[in-house]
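Asker: Please find one structure pasted underneath; my questions will follow.
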Amino acid sequence: MLPPDLPVPLALLIVSFAVTVIVALRYLLASGLFAFATARMRPGLYAGRGEQMVREVRWSLLSAAIYGTPAGIVLWGWQHHGWTLISTDFAALPWWYHPLSLPIYLFVQDTCFYWSHRWMHRPKWFRIAHAVHHASRPPTAWTAMSFHPVEAVTGAIVVPVLVFLVPINVTMLGLVLTIATVMGVTNHMGWEMFPRWLVHSPLGHWLITASHHERHHEEYLCNFGLYFRVWDRLCGTDKGLSRRIVAEAGHAPARAVS
Ligand SMILES: [Zn+2]
Ligand SMILES: [Zn+2]
């Protein structure tokens, strides 16, 4: 805890820096873990892409600072002034609400991502910002946070704003951030880790995994979602799964890819 007489700008700087370090370590740990898993499960998949991965890590560490700053400010306000609707006591919210808060947060995040992502594919914004993310051809486990700062801002503000509007227990918030981290990494790592019975099930047809997001990186103007295929399906931008990933996973013949 920071001393109460610390000047506010200095306190904000310290907390934002601390959160930036945590976000950066979380990224390095998660991407490192799945890059290691990739080396074991798909040896050679990242061969010859050393330079690309170094670039991805650089952009991602810059993104960590952009994610860490608003999160740090909100964390400071929560601790010192009781800002936000985050609770630490489970009894502060009805028991049935806790499992509900998770899909609410994920859906709002997914909605913001879908529409800002579509916006980022307009030629002007693609040139200014989103080209950085698509410079990863094809992406790797290190691509997860490889964004231009302009694009990183659009992702960095969603949860810090949401905690002022939608109540959530701190444990559920931790779960939201864990899902965001794991899916961000695994959706880019170039192979499918989920089993066929899930990816090709009725539920799987509404969820985004590597098979789905890879196709966005192959074709650009489709599959814009983050966690769910709801907006892509509603807006006619869902083009199904990456044939390469589905074939390599041994999941299904090409004609069954959807
Ligand atoms: Zn991507
Ligand atoms: Zn894109």
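The values are calculated or read from the model by the stated rules, or taken from the named source; none is laboratory data. Nothing here was measured: the structure is a model prediction, and the numbers come from that model. Every residue, glycine as well, gets a Cβ built from its backbone with ideal geometry; the counts of neighbours run over all protein chains shown.
Asker: Give Ala35, Ala64 a once-over and let me know the one that is of a type in the set (A, V, I, L, M) and over 17 Å from Val15 (Cα atoms). Walk me through how you get there before you give the answer.
Answerer: Numbers: Ala64 fails: over 17 Å from Val15 (Cα atoms).
Among Ala35, Ala64, only Ala35 is of a type in the set (A, V, I, L, M) and over 17 Å from Val15 (Cα atoms).
Asker: Quick check on my filter: what residues within segment 11-66 are in a helix (DSSP H, G or I), over 19 Å from Met183 (Cβ atoms) and among the hydroxyl-bearing types (Ser, Thr, Tyr)?
Answerer: Ser16, Thr20, listed by residue number.
Asker: In this structure, does Gly48 turn out to be under 26 Å from Thr186 (Cα atoms), surrounded by fewer than 18 Cβ atoms within 10 Å (Cβ to Cβ) and either in contact (Cβ under 8 Å) with a residue 24 or more places away in the chain or outside the structural domain of Cys235 (by TED's automatic domain parsing) (or both)? It would help to see each step written out before you state the result.
Answerer: Working: under 26 Å from Thr186 (Cα atoms): yes; surrounded by fewer than 18 Cβ atoms within 10 Å (Cβ to Cβ): yes; either in contact (Cβ under 8 Å) with a residue 24 or more places away in the chain or outside the structural domain of Cys235 (by TED's automatic domain parsing) (or both): yes.
Yes.
Asker: Would you confirm, using the coordinates I've provided, whether Asn187 is within 12 Å of ligand 1 (Cβ to nearest atom) and without any contact (Cβ under 8 Å) to a residue 24 or more places away in the chain? Outline the logic, then answer.
Answerer: Values: within 12 Å of ligand 1 (Cβ to nearest atom): yes; without any contact (Cβ under 8 Å) to a residue 24 or more places away in the chain: no.
Taking the combined requirement at face value, the residue does not satisfy it.
Asker: With (1) touching a Ser or Thr at 6+ places or on another chain (Cβ under 7 Å); (2) free of Cβ contacts under 8 Å to residues at least 60 places away in the same chain as the list, and Leu10 as the residue in question, which single condition is left unmet?
Answerer: Condition not satisfied by Leu10: (1).
Asker: A follow-up question, please. In contact (Cβ under 8 Å) with a residue 12 or more places away in the chain and in the same structural domain as Thr186 (by TED's automatic domain parsing): is that true of Val15 in this structure?
Answerer: Numbers: in contact (Cβ under 8 Å) with a residue 12 or more places away in the chain: yes; in the same structural domain as Thr186 (by TED's automatic domain parsing): yes.
Considered against the rule, which asks whether it is in contact (Cβ under 8 Å) with a residue 12 or more places away in the chain and in the same structural domain as Thr186 (by TED's automatic domain parsing), Val15 comes out as yes.
Asker: Further, regarding this structure: If you take the residues of segment 176-189 that are away from ligand 2 (no atom under 16 Å from the Cβ) and over 9 Å from the mean Cα position of the chain (by Cα), which of them is farthest from Arg26 (Cα to Cα)?
Answerer: Going residue by residue through segment 176-189, those that are away from ligand 2 (no atom under 16 Å from the Cβ) are 176-182, 185-186, 189.
Adding the requirement that they be over 9 Å from the mean Cα position of the chain (by Cα) leaves 176, 178, 186, 189.
Working: Val176: 14, Thr178: 9, Thr186: 14, Met189: 16 Å.
This residue is Met189.
Asker: In addition: Checking the structure you have, find out if any residue of segment 151-166 is acidic (Asp, Glu), surrounded by 22 or more Cβ atoms within 10 Å (Cβ to Cβ), in contact (Cβ under 8 Å) with a residue 12 or more places away in the chain and farther than 19 Å from His121 by Cα. Show your work before the answer.
Answerer: From segment 151-166, those acidic (Asp, Glu) are 151; that's our starting set.
Remaining after also requiring surrounded by 22 or more Cβ atoms within 10 Å (Cβ to Cβ): 151.
Within this subset, residues satisfying the condition of being in contact (Cβ under 8 Å) with a residue 12 or more places away in the chain are 151.
Subsequent filtering for residues that are farther than 19 Å from His121 by Cα retains none.
No: segment 151-166 contains no residue that is acidic (Asp, Glu), surrounded by 22 or more Cβ atoms within 10 Å (Cβ to Cβ), in contact (Cβ under 8 Å) with a residue 12 or more places away in the chain and farther than 19 Å from His121 by Cα.
Asker: Test of understanding: among Ala39, Ala64, Ala91, which residue is hydrophobic (A, V, I, L, M, F, W, C) and in contact with a Ser or Thr (Cβ under 6 Å, 6 or more places away or on another chain)? Walk me through how you get there before you give the answer.
Answerer: Values: Ala39 fails: in contact with a Ser or Thr (Cβ under 6 Å, 6 or more places away or on another chain); Ala91 fails: in contact with a Ser or Thr (Cβ under 6 Å, 6 or more places away or on another chain).
It is Ala64.
Asker: Test Ser116 against the stated conditions and say whether it is within 14 Å of ligand 1 (Cβ to nearest atom), hydroxyl-bearing (Ser, Thr, Tyr), surrounded by 15 or more Cβ atoms within 10 Å (Cβ to Cβ) and not in a helix (DSSP H, G or I). Break it down stepwise before answering.
Answerer: Values: within 14 Å of ligand 1 (Cβ to nearest atom): yes; hydroxyl-bearing (Ser, Thr, Tyr): yes; surrounded by 15 or more Cβ atoms within 10 Å (Cβ to Cβ): yes; not in a helix (DSSP H, G or I): no.
So Ser116 fails the test.
Asker: On the basis of being away from ligand 2 (no atom under 13 Å from the Cβ), assigned to a loop (DSSP other than H, G, I, E, B) and either under 18 Å from the mean Cα position of the chain (by Cα) or in the same structural domain as Leu173 (by TED's automatic domain parsing) (or both), does Pro103 make the cut?
Answerer: Answer is no for this residue.
Asker: Output the helices (runs of 4 or more DSSP H) that fall wholly within segment 177-255 and possess 1 or more residues being within 19 Å of Ala39 (Cα to Cα), in contact with a helix residue (DSSP H, G or I) (Cβ under 8 Å, 6 or more places away or on another chain) and not assigned by TED's automatic domain parsing to the domain that holds Ala47, or say none.
Answerer: Details: elements: 196-199, 210-219, 230-234, 243-249.
Fully inside segment 177-255 and qualifying: 210-219, 243-249.
Asker: State all residues of segment 194-221 that are surrounded by 16 or more Cβ atoms within 10 Å (Cβ to Cβ) and among the hydrophobic types (A, V, I, L, M, F, W, C); if no residue qualifies, say none.
Answerer: Selection gives Phe194, Val199, Leu207, Ile208, Ala210.
Asker: Checking the structure you have, find out if any residue of segment 122-145 is closer than 25 Å to Gln79 by Cα and either aromatic (Phe, Trp, Tyr) or near ligand 2 (Cβ under 10 Å from one of its atoms) (or both).
Answerer: First, pick out the residues of segment 122-145 that are closer than 25 Å to Gln79 by Cα: none.
No.
Asker: To continue, here is another question. Hey, can you tell me all the residues within segment 111-121 that are within 12 Å of ligand 2 (Cβ to nearest atom) and more than 17 Å from Gly236 (Cα to Cα)?
Answerer: The answer is Met120, and nothing else.
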